[in-house]
1. List pairs: first residue in the range 222-248 and more than 17 Å from Ala278 (Cα to Cα), second residue among the aliphatic types (A, V, I, L, M) anywhere in the structure, Cβ distance under 6 angstrom, at least six positions apart or on different chains.
2. Search the range 15-37 for residues that are in the same structural domain as Met52 (by TED's automatic domain parsing) and pair each with any residue that is not in a helix (DSSP H, G or I) when their beta-carbon atoms are under 6 Å apart and the residues are at least 6 apart or on different chains.
3. (1) touching a strand residue (DSSP E or B) at 6+ places or on another chain (Cβ under 9 Å); (2) modelled with pLDDT under 90; (3) assigned to a loop (DSSP other than H, G, I, E, B); (4) farther than 30 Å from Asn630 by Cα: which one isn't true of Glu310, the others all being true?
4. In this structure, does Glu325 turn out to be surrounded by fewer than 20 Cβ atoms within 10 Å (Cβ to Cβ) and of a type outside the set (Lys, Arg)?
5. Test Lys55 against the criterion of being surrounded by fewer than 21 Cβ atoms within 10 Å (Cβ to Cβ), touching a helix residue (DSSP H, G or I) at 6+ places or on another chain (Cβ under 9 Å) and more than 26 Å from Glu353 (Cα to Cα), and give yes or no.
6. Name the single residue that is farthest from Lys40 (Cα to Cα) among those in the range 91-112 being in a helix (DSSP H, G or I) and more than 33 Å from the chain's Cα centre (by Cα).
7. Quick one: which residue in Asp532, Asp475 is at pLDDT 85 or above and not small (Gly, Ala, Ser)?
8. May I ask you to say which residue of Arg13, Arg37, Arg30 is in a helix (DSSP H, G or I), of a type in the set (Lys, Arg) and under 22 Å from Glu109 (Cβ atoms)?
Amino acid sequence: MHKPEIDLEEEKREILRRYRALLRVCHRSRSRTERMRIRKAFEVTLDAHKDMRRKSGEPYIYHPLAVAKIAAEELGLDTLSILCALLHDTVEDTYITLDDIENLFGRKERTIIDGLTKISGVFDYQNTSQQAENFRKMLLTLSDDVRVILIKLADRLHNMRTLDHMSRDKQLKIANETMFMYAPLAHRLGLYHIKTELEDLALKFKEPEEYEDIVTRLQKTQAVRTRFINQFTLPIRRSLDQQGFQYTIKSRTKSVYSIWNKIHKKGVAFEEIYDVFAIRIILDSPAETEKADCWRVYSAVTDFYQPSPERLRDWISIPKSSGYESLHTTVMSPSGKWVEVQIRSERMDEMAERGYAAHWRYKDAPETPESKLDAWLAQIREVLESPSENAIEFIDNFKLSLFSEEIYVFTPNGDLKTLPVAATALDFAFHIHSRVGYHCIGAKVNYKLVPLSHKLRSGDQVEILTSKKQRPKEDWLHIAITPSARQKIKNALREEKKQIAEEGKEMLRRRFASLKVEWLSINLDEMVKYYDTDTTLDLYYRIAKGTIDLKKLRGFSLENGKIRFQRKQEEKQPETRIVSTAPAKGEALLIGDERQKVDYSLAACCNPIPGDEVFGFITVNEGIKIHRTNCPNAQELMSKYAYRVIKARWSSKELVQFEVGLKFSGIDDVGLVQKITNIISTDMNVNMKAISFEANDGIFDGQVRVLVHDTNHLNILIDSLKSVEGVLTVDRIHSEFD
């Protein structure tokens, strides 16, 4: 294909325009010195990337300029952050080194750029992934300077905004990784507008048809919503004007991803989602009266509209750990619709929109007392200090702390502690102090004795009972849910295991001496292989515990003090072969870049059929598994194990049959079951594997498993079933979790 000619002069003018646009939004970089430093960073970046282009064909410099603009305009960051945003890819992609960064700009800039630079080199792909190691390194720097993660999120946001030019498999991997880790991280840092855009963009590439459908529906109903909001807010405006409030009223439409999530999680139609939008009242109030003013506005709103008592959320008295402050209530409108109303001050609104980016800006001196952000970063540091934990395990633990809702509990002295929902008495004990956790034997919740596994609720007052004889136990890992508590338990168990292993090591040393086997690493490795343990530590531990009986050590020979297990060497492992679930007559899938025909099996978690968009995943013991791209496990597989994901697409047009499940519901009526089975078996000539119906108080629910050729065949069947009078919903059972 003929490539369009590049107008270099026009590109130079465009680069200059974008640079000037960046300067216009650098509101915190007013001094001449700061502007000169930004100019210097721009010139270094421009020269370093001068011969590089993005996938779209645009000059690469557009990307760092865009990231710096997001950092300045949308996050309100300082000059240092803008410099690092401009320079963030130079060390990874160009001749610029970290030493160059330090010499040109300073030590702090070097530290941040180092945190932003991706890890390169060889990784042990058996137990980790490049993304996980990259993320861990980022967090190591984050625990010292939160600007690292803020710039990284700006970088990810721009990459998502320009993802159209990537190949489909790259789009899916990046979108899944964004949803898996970056959106939850933005949520945890209180960057709700960035979290929302990341989720929406990820959905756009993961489920393009459903995304476009929701966008179209929102556009069509925009005028109706605007009229409703104007009518709803009119009496509120009059009341606030009479009371002399300075305020702004905005409407906030629910994000596309939130609507999509509700449709799939709650099983409701778009028209049935009552909270598609919310009203936000933002007060221009001084800090000393803002809380009282918010409650006065709440009183004004509820004078006109009946509130739902269960839907009152007071985050101005007790802010979220992300710093979010707002008063939420849901009220009934005259038209019979529930409407969420959010009330906050301008300061609270900036904190709500920019989260810890705003918090960080308000830190006026290094001696500022430890804040909730600092406390959270301290927890990260604590988890990171465990060098033995692999990156995948770390990501799992860290992710637990990102998206969890919170509860507020009290110590016996009345001190308030914040924990995630579903936290147990054991989590609370470790939250108080490591020593309290190690020796806890139970708890009193609201003066009543409870076990360590007791789940806490907001408002509980908790007293921990301890004993010096108590030690952490293996089953505590099934009780604790917070990463910090789990890490402390693992560390304690690891230390205990090491002490026990020392006894086993001494036992093996004595046994080797009696058998005249030399204490060499090659002999220890042979023992590890023979007893199928992961490490010598595991070998020593099992010996000490008696699961390996050294008295029965036999079936070996000695060659110059070296041990050889003859029987073990002669054993031959059976050959593993994965058989395709597709019938032999039709190769339905092509796998990999070379579009090879290789053995595979279809994943039971999502039951893919021809027509579904799919990918292959190389498992450890079961060969290649084929998953749908919207499989409930796809996000985790593509994010944590991207190097084991391979391309796959359906190719065969032969009429191969695949089993799929359908669930339906509706109004029960005489002969309804017969109508449904007639459509499936007679009209559509589809084979049924199983069918079940259950009626209760005039409502029926049913499931059927049928054999279809592809998604087109399935969709025709679904449309036919929906046409039956009394049938209200027909949905595909996407996975074993449905």
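The values are calculated or read from the model by the stated rules, or taken from the named source; none is laboratory data. The shown structure was predicted, so the numbers you read here are calculated from the model rather than taken from an experiment. Quick reminder, even Gly has a Cβ in these numbers, built from the backbone with ideal geometry, and neighbours come from all protein chains shown.
1. Ser239/Ala300
2. Sorted first by the residue in the range 15-37, then by its partner, the pairs are Ile15/Ile61; Arg28/Asp78.
3. Checking Glu310 against (1) touching a strand residue (DSSP E or B) at 6+ places or on another chain (Cβ under 9 Å); (2) modelled with pLDDT under 90; (3) assigned to a loop (DSSP other than H, G, I, E, B); (4) farther than 30 Å from Asn630 by Cα, the one that fails is (3).
4. Working: surrounded by fewer than 20 Cβ atoms within 10 Å (Cβ to Cβ): no; of a type outside the set (Lys, Arg): yes.
Considered against the rule, which asks whether it is surrounded by fewer than 20 Cβ atoms within 10 Å (Cβ to Cβ) and of a type outside the set (Lys, Arg), Glu325 comes out as no.
5. Values: surrounded by fewer than 21 Cβ atoms within 10 Å (Cβ to Cβ): yes; touching a helix residue (DSSP H, G or I) at 6+ places or on another chain (Cβ under 9 Å): yes; more than 26 Å from Glu353 (Cα to Cα): yes.
Against the criterion (surrounded by fewer than 21 Cβ atoms within 10 Å (Cβ to Cβ), touching a helix residue (DSSP H, G or I) at 6+ places or on another chain (Cβ under 9 Å) and more than 26 Å from Glu353 (Cα to Cα)), Lys55 qualifies.
6. Of the residues in the range 91-112, the ones in a helix (DSSP H, G or I) are 91-93, 98-104, 107-112.
Remaining after also requiring more than 33 Å from the chain's Cα centre (by Cα): 99-100, 102-104.
Working: Asp99: 16, Asp100: 13, Glu102: 13, Asn103: 13, Leu104: 9 Å.
Going through the qualifying residues, I end up with Asp99.
7. Values: Asp532 fails: at pLDDT 85 or above.
Exactly one residue qualifies, and that residue is Asp475.
8. Numbers: Arg13 fails: under 22 Å from Glu109 (Cβ atoms); Arg30 fails: in a helix (DSSP H, G or I).
Among Arg13, Arg37, Arg30, only Arg37 is in a helix (DSSP H, G or I), of a type in the set (Lys, Arg) and under 22 Å from Glu109 (Cβ atoms).
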